[in-house]
Amino acid sequence: MNYTPDEVLQYISEEDVKFVRMAFCDIYGRQRNVAIMASELPRAFEHGIAFDASAVKGFDMDVRSDLFLRPNADTLRALPWRPQIGRVAHMFCDIVHPDGSAFEADTRTLLRSAVQKAAAQGCTFQFGTEMEFYLFLLDDRGNPTRTPFDRAGYMDIAPEDKGENVRREICLTLEQMDIYPESSHHESGPGQNEIDFRYADPVSAADNAILFRSVVKAVAAQNGLCADFSPRPLPDHDGNGMHINLSASLNGAPLSPQALIPGLLNRARDMTLFLNPGEDSYLRLGRDKAPRYVSWSEENRSQLVRLPAASGEYRRVELRSPDSMTNPYLAFYLILNACLEGINLNLPLPEPANFNTLTATAAQTQQLLMLPSTLENAKVTARESAFISQCVPARIVERYL
């Protein structure tokens, strides 16, 4: 929205905003916040709002545990599902030490640094996500069950698709927050849904992914449902992925999508721990169109990296391994760095794997590397990776390991 602090204060006054959620993410991408009274916002802009970092998983600040949240004015959004009288606004914050220096485990700041590094080389990136989730019924006490909201299948319509109105409400809520989904539909699993996003710069795209999860959960709860983003909530049905689409320009000219693929493939195994950080993440990989091998092809949905059929500004690369347990700031940071490395080293483009890797014979796949097949394998790969040790702050690496 490109607000300045003064414009934020004016908006707060004119729109009857009484509470401001000062939001940030822990190293795992879980959104956290402290709500302040609107009257405290000038102090927040000038000095920040202190919080106890020792209580945040992954921050490990037991001795000197005070950190401060400084709001980013240009991320101001009102929360449409909160009361319209005495409204609630939301802003993402930078996490800083008492001396004002950046906190090294703030993954949003980490991503911003990678964007600046790319810009210094004349390279700009655009990211978009395709996020899947299940809708489950609640029991008579309001607790989540594993009973799907419907039994519809891929791109079914109402009345089989009971999630149609929920998705509509989610999309309209996002639009009120200046977040613009492109499309939505029922996915393959019973009660499974997908909403796809328009391209944005990397930091905005990650912000949108974080807010999307909140909106989906809030709208689902208002409809007496539970939204589940976990990688494989139903063992006999498709898992939930978070496919990441990206494109790039160099010195203002569109960069060929093929130029991004070598870097992605070269560091795919190294990054897997952070793109698929839970044990259940590995129950999804290698099944139901989720990739198992480090390979690419055009249009082929069994691949780790595919080039969707598109032209012009819609030409892009799709990375299909991540799931919604990933921290989008950290995921985009690693992806961006891997792509830059591939460009700078002029890595060659491997031959495409023009076959279905999920049903291929051993002879067809014997030349392909495999993604780590378990969380422990992913940890070993990350621990041995020079790329990870150079890119990711030690505090974050240690916690993921």
Original post:
Going by a ≥ b ≥ c, the root eigenvalues of the Cα gyration tensor, does segment 263-374 fall in the rounded group (a/c under 1.5), the prolate group (a/b larger than b/c) or the oblate group?
Top reply: rounded
Subject >> Under Karplus coefficients 6.51, -1.76 and 1.60, residue-wise ³J(HN,Hα) of segment 370-378 in Hz, glycine/proline x >> reply: 9, 5, x, 9, 9, 4, 5, 4, 5
**OP:** Run the quick spin-label model on residue 180 and residue 298: label points 7 Å from Cα toward the beta carbon, then report their separation in nm to one decimal.
**Re:** 2.9
**OP:** Mind ranking 257-267, 171-181 by how tightly packed they are, going by the mean number of other C-beta atoms within 10 angstrom, highest first?
**Re:** 257-267, 171-181
Subject >> Ordering of 139-148, 23-32, 195-204 by burial proxy (mean other Cβ atoms within 10 Å per residue, highest first) >> reply: 23-32, 195-204, 139-148
Subject >> Where only C-alpha atoms are counted, convex hull volume of segment 355-401 per residue in Å³ >> reply: 101
Original post:
Probe 1.4 Å, all protein chains in place: accessible area of residue 332 in Å², nearest 10?
Top reply: 0
**OP:** Kindly provide the helix-only [θ] at 222 nm of the chain, computed as the sum of -39,500 (n - 2.57) over DSSP H runs of four or more divided by all residues, to the nearest 500 deg cm²/dmol?
**Re:** -9500 deg cm²/dmol
Original post:
If you wrap a convex hull around the C-alpha atoms of segment 24-100 and split its volume per residue, what is the figure in Å³?
Top reply: 100
Subject >> Ordering of 236-247, 34-45 by packing [mean C-beta count within 10 Å, highest first] >> reply: 236-247, 34-45
Original post:
What length, rounded to one decimal in nm, is gained on full extension from residue 157 through to residue 30, with 0.36 nm per residue of separation minus their alpha-carbon distance?
Top reply: 42.5 nm
Subject >> Backbone HN-Hα couplings from phi across segment 96-107 [Karplus 6.51/-1.76/1.60, Hz, Gly and Pro as x] >> reply: 10, 6, x, 7, x, 6, 5, 6, 5, 9, 7, 6
Subject >> Semi-axis lengths (Å, descending) of the ellipsoid that matches the C-alpha gyration tensor of segment 248-291 >> reply: 29, 12, 9
Original post:
What's the Kirkwood radius of segment 21-61 in Å, using all Cα pairs?
Top reply: 11.3
**OP:** Return the long-range amide H neighbours of residue 370 (sequence gap of 5 or more, or a different chain), with a cut-off of under 5 Å between placed amide H atoms.
**Re:** 294
**OP:** With +1 on each Lys and Arg Cβ and -1 on each Asp and Glu Cβ, and nothing else charged, work out how big the dipole of segment 265-331 is about its Cα centre, in Debye to the nearest 20.
**Re:** 160
Original post:
Taking only protein heavy atoms and a 1.4 Å probe, what accessible area per residue, in Å², does the chain have with all protein chains in place?
Top reply: 44
**OP:** For the chain, give the percent of accessible area contributed by carbon and sulfur heavy atoms, probe 1.4 Å, rounded to a whole number.
**Re:** 47
Original post:
Ratio of segment 203-267's C-alpha Rg to 2.2 N^0.38 Å, to two decimals?
Top reply: 1.60
Subject >> Two-site FRET efficiency, residue 116 against residue 380, from Cβ-Cβ distance with R₀ of 30 Å, rounded to 0.05 >> reply: 0.40
Subject >> Amide proton proximity set for residue 189, modelled H, under 5 Å, gap of 5+ >> reply: 238
Original post:
Amide H to amide H under 5 Å from residue 103: which residues, 5+ apart in sequence or cross-chain, H placed 1.01 Å off N in plane?
Top reply: 95, 96, 97
Subject >> Label zone at residue 395 (point 7 Å along Cα-to-Cβ), backbone N below 19 Å, segment 63-87 >> reply: 63-72
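The values are calculated or read from the model by the stated rules, or taken from the named source; none is laboratory data. In this text, all values refer to a predicted model and were calculated from it rather than measured experimentally. Note that each Cβ is placed from the backbone with ideal geometry, even for glycine, and that neighbours are counted across all protein chains shown. Side chains included, ligands, DNA and RNA excluded: accessible areas come from the protein's heavy atoms. Shrake-Rupley method; radii C 1.70, N 1.55, O 1.52, S 1.80 Å.
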